[in-house]
Amino acid sequence: MTLDTRADSRSLEALIADAARGDHACFAEVYERTHRHLFGVAVRILGQGQAAEDVLQEAYVSIWKSAGSYRSEVGGQTIQAMTWLIAIVRNKALDALRARTRRRENQLPESGDVDEDDVQSVGNPAPSAMHLLEQASQALHIDGCMSALDGSYRQSLALAYYQGLSHTEVAAQMGAPLGSVKAWIRRGLEKLKGCLAAQGVVA
Amino acid sequence: MRYVQPELLEHLASSYVLGTLTGGARRRFERLQRDRADVRVLVTQWESRLGQLAVSVPVHQPSPRVWAAIAARTQPARPQRAAQAKAGRLGWLKPAGFGFGGLAAGVMVATVLFVTAPGLFMSSDQIAMRTGEKLPQSYVGLLTDAQGNGKLLVSSLRHGRTMTVKVIGPITPPAGGTLVLWAVPASGPAFALGPVPTSGSAVSMLPDTSEKLLSKVGKLVVTLETDAAPAAPSGPVVFSGNCAKLW
């Protein structure tokens, strides 16, 4: 009972530090606080289903094993625990997505054959990723700064970030040349860096 | 390919975190990250930036099966599991089918080899480090308060460009000002090495390799400064200690 109250008032950073020392109750609390958000990140990239759940499972096992490698400060900058957790889930989701794409490329194309995995990505059209970028920009107070970027720059960045699409896939989805998409995304990232720094969010 | 250009590294780090760096380039960058602390810092910074964008991603509830599976793989062995393990202790000796028993036997053979003939896997320096006969070549400082209580452990690999500051004794965060770590060379002015965390540990980039910066430094001090980026120490010395070379 007292344990729960103690865990409730503790920061995510402190819970991860205790998980690193082998405290499984603290790890369970980390899961309780973060799994819905992290599952959202995986679902966004892989679609709702077994693949996203597998990624979530692998991610938390990895978080448990590598909790000791979390650093709250790197290069003089504070690293939020959530940042660290999101990066782990996103990397695993991207790996799973690329593996799925490779598997599909190796299969013989059969006309009219719809892969179950496709259903969700078809259900996530481009405006949705763009909408998420707009919402995030507003929440971070960088919408004014980011709106200086041309719409196609922002859209390509949004597709790459929220859908986990590769350069080629973004180009195909936007019907734009690959070279342009690469340049748009690079420019979009540079702008994002500048906007966040100006807002004092991340250096 | 040599990864020295800062713009190239910045571009690779941002593409890696975004996910647009794919295939062989992604794997090469992952290897580079393992070897270079400065590259890890860049990646962490991009993870911080792009992680902010996840704020708008809608939350989803996974099936309860997910936690059950995670718990099963992470919880320390329970008594009943220990009993099961005991009952099947000799199972791996059975040659038939191998399966898990084969895997376990393989791991054991590898472990035995690793312990008895580590030279197959590691260089002699690595073996010496692993067995505790030797520490990696580095600069190390132990800083104490005026009463001699250990407060900070500062370390940097000999040719590394990062410095780790680990808090080893409780530090009360200063009410005003910031704690700054300084290197004091035998001759010449003191120069700032970086900020000091008040808990946990912090990794910061050095402007040059520690070999070049610290080879003539005998002393490290932490002062309480009002200016966030002071050019020279002006505040009171809070902790101090010697800087030693481990060769």
TODO: Evaluate the following for A:S72: is it polar (S, T, N, Q) and more than 8 Å from chain B (Cβ to nearest Cβ)?
DONE: no
- [ ] Considering only residues that are more than 23 Å from B:G148 (Cβ to Cβ) and within 12 Å of another protein chain (Cβ to nearest Cβ), look in region B:188-199 and name the one that is surrounded by the most Cβ atoms within 10 Å (Cβ to Cβ).
- [x] B:G194
Task: Complete set of residues in region B:219-236 that are of a type outside the set (S, T, N, Q) and surrounded by 13 or more Cβ atoms within 10 Å (Cβ to Cβ) - done: B:K219, B:L220, B:V221, B:V222, B:L224, B:E225, B:P230, B:P233, B:G235
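Rundown of residues vs (1) within 14 Å of chain A (Cβ to nearest Cβ); (2) touching a Pro at 6+ places or on another chain (Cβ under 9 Å); (3) free of Cβ contacts under 8 Å to residues at least 40 places away in the same chain, yes/no style:
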position	(1), (2), (3)
B:S201	yes, no, yes
B:M205	yes, no, no
B:K216	no, yes, yes
B:L220	no, no, no
B:T223	no, yes, no
B:T226	no, no, no
B:P230	no, no, no
B:P233	no, no, no
B:F239	no, no, no
Task: Count of residues meeting criterion [modelled with pLDDT of 95 or more, open to solvent by 10 Å² or more (accessible area, probe 1.4 Å) and facing another protein chain (nearest Cβ under 8 Å)] in region A:191-203 - done: 1
Open item on the list: If a residue must be closer than 13 Å to B:Q61 by Cα and either of a type in the set (D, E, K, R) or more than 9 Å from every other protein chain (Cβ to nearest Cβ) (or both), how many such residues does region A:22-37 contain?
Closed with: 4
TODO: Could you tell me which of the residues B:A72, B:A85 is at pLDDT below 55, in a helix (DSSP H, G or I) and open to solvent by 30 Å² or more (accessible area, probe 1.4 Å)?
DONE: B:A85
- [ ] Considering each of A:E58, A:E134 in turn, give the residue that is open to solvent by 40 Å² or more (accessible area, probe 1.4 Å) and either at pLDDT below 95 or farther than 27 Å from A:D23 by Cβ (or both).
- [x] A:E134
Open item on the list: Out of the residues in region A:39-50 meeting the condition of being part of a helix (DSSP H, G or I) and facing chain B (nearest Cβ under 9 Å), tell me which one is nearest to B:R73 (Cα to Cα).
Closed with: A:F39
- [ ] Can you tell me which residue among B:W67, B:W46 is within 14 Å of chain A (Cβ to nearest Cβ), modelled with pLDDT of 90 or more and open to solvent by 60 Å² or more (accessible area, probe 1.4 Å)?
- [x] B:W67
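Where in region B:180-247 are there strands (runs of 3 or more DSSP E), lying fully within it, with 2 or more residues that are modelled with pLDDT of 85 or more? Spell out how you get there, then give the answer.
Details: elements: B:191-195, B:201-205, B:217-225, B:237-246.
Hits in region B:180-247: B:191-195, B:217-225, B:237-246.
Among the listed residues A:R100, A:R33, A:R71, which satisfies the condition of being among the charged types (D, E, K, R) and open to solvent by less than 30 Å² (accessible area, probe 1.4 Å)?
On inspection, the qualifying residue turns out to be A:R100.
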Task: Answer residue from region A:137-150, given it is open to solvent by 30 Å² or more (accessible area, probe 1.4 Å) and assigned to a helix (DSSP H, G or I) and is nearest to B:A54 (Cα to Cα) among those - done: A:A139
Task: Leading residue by the ranking (farthest from the other protein chains (Cβ to nearest Cβ)) among those in region A:163-190 that are more than 17 Å from B:S14 (Cα to Cα) and of a type in the set (G, A, S) - done: A:G175
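The values are calculated or read from the model by the stated rules, or taken from the named source; none is laboratory data. In this text the structure is predicted, and so the values were computed from the model without any measurement. In this analysis, Cβ positions are derived from the backbone assuming ideal geometry, glycine residues included, and neighbour counts consider all displayed protein chains. With ligands, DNA and RNA removed, areas are computed over all heavy atoms of the protein, side chains included. Shrake-Rupley method; radii C 1.70, N 1.55, O 1.52, S 1.80 Å.
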